[in-house]
Amino acid sequence: MKTIPSMLAAAWLCGGAVAAAQPPADDWWRDAVFYEVFVRSFADSTEGPLAGDGVGDIRGLIERLDYLNDGDRATHTDLGVTALWLMPICQSPSYHGYDVVDYKSVDDEYGTNEDFRELMKAAHARGMRVIVDTVINHSSSEHPWFVESRDPASAKRDWYVWSDEPLDVEWGSTVWHRPRGETGEHYFGLFWRGMPDLNLQHPDTTAAVHDLSRFWLTDMRADGFRLDAAKHLIEVWPRVENTQETIDWLKAYRGAMKTARPDAFLIGEVWADAAQVARYIPDALDAAFEFDLAFAIVEGVRDGDAGRIRDAIATARSSYPHGQFATFLANHDMQRAMTTLRETAAGDGEALAKARLCATIQLTLPGIPFVYYGEELGMTGAKPDPDLRTPMQWTGDARTAGFTDGEPWRRPNADTSVVNVEVQAADGDSLLATYRRLIRQRRAHAELWRSPLTLIDTGNPDILAYGYTLGGFRMIVAANCSGRLQSGVRVTPEKDGGPIGPLSLKPWGTTIVTIAN
């Protein structure tokens, strides 16, 4: 038996017992570690027509790719992620991009279609994949399709949802709108009047969505899509989410995309409980985000509630085909993890220990891990939404955070002087260093995460324990979710051996036990 006192050890496994997996080309996403990028806030380019304008752009992202993955597995100075999810980059009148006016053109603030193709070349050269946020539930009210649809005689009238009178819906806000300055029919826009919902039950609308999606897979060489608002695509009044018609539409859509690119990855935003999300997997989507698990990890560590995390893991494990769900701690719509953890932390040191524990749990679970940009630094952020999406903190410069040579589109966080890449890259005990090690070890032993996970009862409500068995090898993770030193902990797997221990776990610490037979 080998006990590793933390996830920060140089290696987890004994004697090369488990080799890194080489997944089939069409199955690459099962072993990927994703990084979610808000291009506007990641890096402003230093050269070219968009340099120094205070807005992140695609050229700026290309300049910073070595931070994410330098293409050399022998180095230890990059984060090591193997895939990117780019939040919307198409032409849009809004800073966030979720109301699209041109689905086949990169937003002028971010660059050009050729810039995106250069990004794809640079990413692929490093062994990285790139998926793009694709907004097909709705468009912008400024999209030419909708402008034409406002004419009742238009051939595109039924590309959107119009009604003489508002229909009843199961939703908590105004969803029926009239074009400004007009009377007559209402159009349906679930999220906002500026985002009218597309009518995907119309064959011409569906054909147009298939066409724009194939464009990104074939012409632009994107590796797949994150489908925004995937549970809302087709309404069956008064229901506006998780209808069978939505799932059936996505099954056909997924089939068409796999025909265009067999290796295309489709992951959906289905913000619902696991029972609902599981209806989409694997036929309508390759995977979906596990929101309940994300909240359980962060809030469970915040509150010292190991049982909540264990229950959420058990639900995810039993709800989906193995590994076909995404793990994460925060995203662009959620309060950042460090902000949540600080709510109960007695100082920065305690918050940092909790953040390490959250990262360790996430990156030792099955599924497809997604890291929101800046989480690896412990960036903070709470609503409103723009404050969840502040500039990446590259340096301690209080005005620019090293994000731009100009005036940033949004003021950097106040703690950028101490929470930034420059400081943490030089500190072997930083949160950034923790993420680098965790991701590197996950990549090194990819087959392990494809093997079944077993939850283990330690008899101690503060301890979360789980393990994997692969051939004659076992690995067990024991995590202390409390602020107390835990001594004499014994871990008893459900099978394959007797108790392991006694173990000693520091507050919010982890121990990894490996056994090679």
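Here E241 meets each of (1) under 17 Å from D27 (Cα atoms); (2) outside any helix (DSSP H, G or I); (3) over 19 Å from the mean Cα position of the chain (by Cα) with one exception, condition (1). Here is the figure for the range 307-316: residues that are touching a Phe, Trp or Tyr at 6+ places or on another chain (Cβ under 9 Å) and over 14 Å from F291 (Cα atoms) total 1. Could you list, in sequence order, the residues of the range 132-168 that are in contact (Cβ under 8 Å) with a residue 60 or more places away in the chain and either crowded, with 17+ Cβ neighbours inside 10 Å or within 30 Å of V37 (Cβ to Cβ) (or both)? Within the range 132-168, V132, D133, T134, V135, I136, N137, H138, W145, V161 meet the criteria. Only residues that are out of contact with any helix residue (DSSP H, G or I) (no Cβ under 7 Å at 6 or more places or on another chain) and in a helix (DSSP H, G or I) were counted across the range 349-371, and they come to 3. Residues in the range 181-232 that are touching a His at 6+ places or on another chain (Cβ under 7 Å) and small (G, A, S): 1 in all. Suppose the filter is touching a Ser or Thr at 6+ places or on another chain (Cβ under 9 Å), among the acidic types (D, E) and at negative phi; does D164 pass it? Considered against the rule, which asks whether it is touching a Ser or Thr at 6+ places or on another chain (Cβ under 9 Å), among the acidic types (D, E) and at negative phi, D164 comes out as no. For the range 86-106, does any single residue satisfy the condition of being more than 25 Å from the chain's Cα centre (by Cα) and more than 15 Å from L198 (Cβ to Cβ)? Within the range 86-106 (the criterion being more than 25 Å from the chain's Cα centre (by Cα) and more than 15 Å from L198 (Cβ to Cβ)), the answer is no, since none of the residues qualifies. In the range 318-325, the count of residues that are part of a helix (DSSP H, G or I), without any contact (Cβ under 8 Å) to a residue 24 or more places away in the chain and farther than 27 Å from A382 by Cβ is one or more.
Taking residues in the range 437-459 that are in contact (Cβ under 8 Å) with a residue 60 or more places away in the chain and farther than 24 Å from W29 by Cβ, and partners anywhere that are of a type outside the set (S, T, Y) and not in a helix (DSSP H, G or I), the pairs with Cβ atoms closer than 8 Å and at least 6 places apart or on different chains are L455/A465.
Selection within the range 115-131: residues that are within 17 Å of F215 (Cβ to Cβ) and touching a strand residue (DSSP E or B) at 6+ places or on another chain (Cβ under 9 Å). The member of this set that is surrounded by the most Cβ atoms within 10 Å (Cβ to Cβ) is L119.
Can you confirm whether L470 is modelled with pLDDT under 90, aliphatic (A, V, I, L, M) and surrounded by fewer than 20 Cβ atoms within 10 Å (Cβ to Cβ)? The answer is yes for L470. From the list A346, A433, the lone residue that is closer than 26 Å to W508 by Cβ, over 18 Å from the mean Cα position of the chain (by Cα) and part of a loop (DSSP other than H, G, I, E, B) is A346. If you check Q362 against the conditions, is it in contact with a Phe, Trp or Tyr (Cβ under 9 Å, 6 or more places away or on another chain), crowded, with 19+ Cβ neighbours inside 10 Å and touching a residue at least 40 places away in the same chain (Cβ under 8 Å)? Judged against the criteria, Q362 is a match. Just so you know, in the range 1-29 the residues that are at pLDDT below 95, farther than 20 Å from M475 by Cα and not polar (S, T, N, Q) include one that is surrounded by the most Cβ atoms within 10 Å (Cβ to Cβ), and it is P23. Taking the range 297-308, which residues are farther than 15 Å from E350 by Cβ and under 19 Å from the mean Cα position of the chain (by Cα)? Within the range 297-308, I297, E299 qualify.
Residue by residue, here is whether (1) surrounded by fewer than 22 Cβ atoms within 10 Å (Cβ to Cβ); (2) of a type in the set (S, T, N, Q); (3) in contact with a Pro (Cβ under 8 Å, 6 or more places away or on another chain); (4) within 30 Å of T327 (Cβ to Cβ) holds:
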{"residue": "D204", "(1), (2), (3), (4)": "yes, no, no, no"}
{"residue": "A207", "(1), (2), (3), (4)": "yes, no, no, no"}
{"residue": "W216", "(1), (2), (3), (4)": "no, no, no, yes"}
{"residue": "T246", "(1), (2), (3), (4)": "no, yes, no, yes"}
{"residue": "V270", "(1), (2), (3), (4)": "no, no, no, yes"}
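Is it the case that the range 205-216 has a residue that's among the charged types (D, E, K, R) and either assigned to a loop (DSSP other than H, G, I, E, B) or closer than 17 Å to S149 by Cα (or both)? Checking the range 205-216: not a single residue is among the charged types (D, E, K, R) and either assigned to a loop (DSSP other than H, G, I, E, B) or closer than 17 Å to S149 by Cα (or both). Within the range 473-490, if we keep just the residues that are among the aliphatic types (A, V, I, L, M) and farther than 24 Å from A446 by Cα, the residue that is modelled with the lowest pLDDT turns out to be V489. L464 meets the conditions (1) touching a helix residue (DSSP H, G or I) at 6+ places or on another chain (Cβ under 8 Å); (2) more than 29 Å from I58 (Cα to Cα); (3) surrounded by fewer than 22 Cβ atoms within 10 Å (Cβ to Cβ) in every case but one. The failed one is (3).
The values are calculated or read from the model by the stated rules, or taken from the named source; none is laboratory data. Being a predicted model, the structure only gives us computed values, none of them experimental. We place every Cβ from the backbone using ideal geometry, glycine too, and count neighbours over all the protein chains shown.
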